[in-house]
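Chemist: Dropping the structure in here first, questions after.
Where a number appears in this text, it was derived from the coordinates with a stated rule and is not lab data. The model shown is predicted, which means the values in this text are computed figures rather than measured ones. Cβ sites come from the backbone with ideal geometry, for glycine too, and all protein chains shown count toward neighbours.
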Amino acid sequence: MIYRSGALAPDERKKKMKDKLKAIVCLGLVMCVASGLWACSREDVQTEPESSNTTINYVYNGIYDISNIPEETLSGEMPVTEIETDTNGETYIVVEQPVQTVQDGNESPRTTLKSGGRISETSERRNVESVSVTLPEGATMADMFAILEAKGVASFSALMNTAVNTDFSYFPLIGAQGNTGRAFALEGYIRAGTYTFVKNTAPADVISRLLRSMESFVSTPMRRQMAARNMSVDEAITIASIVEIESGGDVAQMAKISSVIQNRLKAGMQLEMNSTGRYVDSVIKNYIKSDDPETYSKYEEYYNTFKCAGLPAGPICSPGSEAVKSAISPLDTNYLYFCVGEDGIYRYAATAEEHRANLIAAGLVPAEPDIPSQP
């Protein structure tokens, strides 16, 4: 029998059909096995115990007043002039915005600023709504997150959860921290300053940008100064955070207060700074939830410098530039004590007797009554 060109003989057709059936059966078996493995993996995930780091619906309970934050929103048609991807793989848009600084009576020209916010790398141009945010020196991490929420950058709860549950140790300053029992790894490292953010930015991108700002601030000359004083960056930031709070932001007092702290450390004395105890009460107890009262007792031992030896376990706020400078360049004094009364005057002393007299002068303790002489 003759077959047309391209046609198959019956035996060949049967063989080809068998091969197809075998292929179909094999594919079915592979799909079954894959489906079974997927189901097992899903079962494993579902039965895996929960991490100790859980998502909490944080509510701002800080002491910083965020009720009168000025709204400085820049919205509408804002041309994207450039798209950049940084070394951490985060993509940013760069927009042109006016900077309202005044020099010699003239407004500064329009300046290009980088706005945080992950976007598609294929985007060439889009309208954005950005906002100027000032994060003040001396604010805590929670204070700053509350301000960011108030300006529409990201929600407070999402920022807190990201800060607590995300490992940011790939930033060198965070990775260099010791395991000291600190409450929040990022406290003190959220850099104060004025930033421009795109609204509704991913929380991790917001935090990463603020941490990068801190990394840039701690310069090589600063590190050399710290090393010359046998001081780590973390110790310097922790000292600076105490100075920031205890000085009330008064730059004139910072180097003196820093000298008191460092003189007491050298003398092996407890620091006994009220600001550290307040940090436990107003921050740690607000944002670390535990039914075990021993948890807070431990943090008292870690942070309250009336109870712990040396420095607290970590910074208690985000210090400003001047506070950091005072930490690495304290005034050369013999002061071991200081106090400030309602009159706002800072009084320093080298001895306990002098300090007692200062406390009386400041109205912080009553004067000892005159004892009449015996006849």
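Chemist: Classify region 299-375 as rounded, prolate or oblate from the Cα gyration tensor: take a ≥ b ≥ c as the square roots of its eigenvalues, call it rounded if a/c is under 1.5, otherwise prolate when a/b beats b/c and oblate if not. All intermediate terms of the calculation are to be shown ahead of the outcome.
Modeler: Details: a/c = 2.55, a/b = 1.91, b/c = 1.34.
Note, shape of region 299-375 comes out prolate.
Chemist: Test of understanding: express the Cα radius of gyration of region 153-251 as a ratio to 2.2 N^0.38 Å, with N the residue count.
Modeler: Working: Rg = 14.5 Å, N = 99, 2.2 N^0.38 = 12.6 Å.
So the Cα radius of gyration is 1.15 times the expected 2.2 N^0.38 Å.
Chemist: How many angstrom lie between the C-alpha centres of region 291-337 and region 203-244?
Modeler: Cα centroid of region 291-337 versus Cα centroid of region 203-244: 15 Å apart.
Chemist: Once fully extended, how much extra length lies between Q225 and T166, figured as 0.36 nm per residue of separation less the alpha-carbon to alpha-carbon distance? Please report the intermediate quantities before stating the final value.
Modeler: Working: separation 59, 0.36 × 59 = 21.24 nm, distance 3.13 nm.
Gain on extension, Q225 to T166, equals 18.1 nm.
Chemist: Then there's this: What are the ³J(HN,Hα) values, in whole Hz, obtained from phi via the Karplus relation 6.51 cos²θ - 1.76 cosθ + 1.60 with θ = phi - 60°, for each residue of region 139-147 in sequence order, with x given for Gly and Pro?
Modeler: Result, ordered by residue: 7, 7, 4, 5, 4, 5, 5, 5, 5 Hz.
Chemist: Here's something else I'd like to know. Ordered by residue, what ³J(HN,Hα) values in Hz, to whole numbers, does region 162-178 give under the Karplus form 6.51 cos²θ - 1.76 cosθ + 1.60, where θ = phi - 60° and Gly and Pro are x?
Modeler: Working through the residues one at a time gives 5, 5, 7, 9, 9, 7, 9, 6, 6, 7, x, 5, 6, x, 7, 5, x Hz.
Chemist: Compute the length gained on full extension between A350 and S297: take 0.36 nm times their separation in residues and subtract their Cα-Cα distance, giving the result in nm to one decimal. Could the numbers behind the result be given before it?
Modeler: On the way: separation 53, 0.36 × 53 = 19.08 nm, distance 3.19 nm.
In short, 15.9 nm is gained.
Chemist: Which of the peptides 183-196, 263-276 is most tightly packed, and how do the rest follow, judged by the mean count of other Cβ atoms within 10 Å per residue?
Modeler: Values: 183-196: 21.6, 263-276: 15.9.
Sorting 183-196, 263-276 by mean packing, highest first, produces 183-196, 263-276.
Chemist: For a test of the definition: using alpha carbon positions, the gyration tensor, and the 1.5 limit on a/c, classify region 229-333 as rounded, prolate or oblate. Mind dumping the intermediate values first?
Modeler: Values: a/c = 2.26, a/b = 1.71, b/c = 1.32.
Because a/c hits 1.5 or more and a/b exceeds b/c, region 229-333 counts as prolate.
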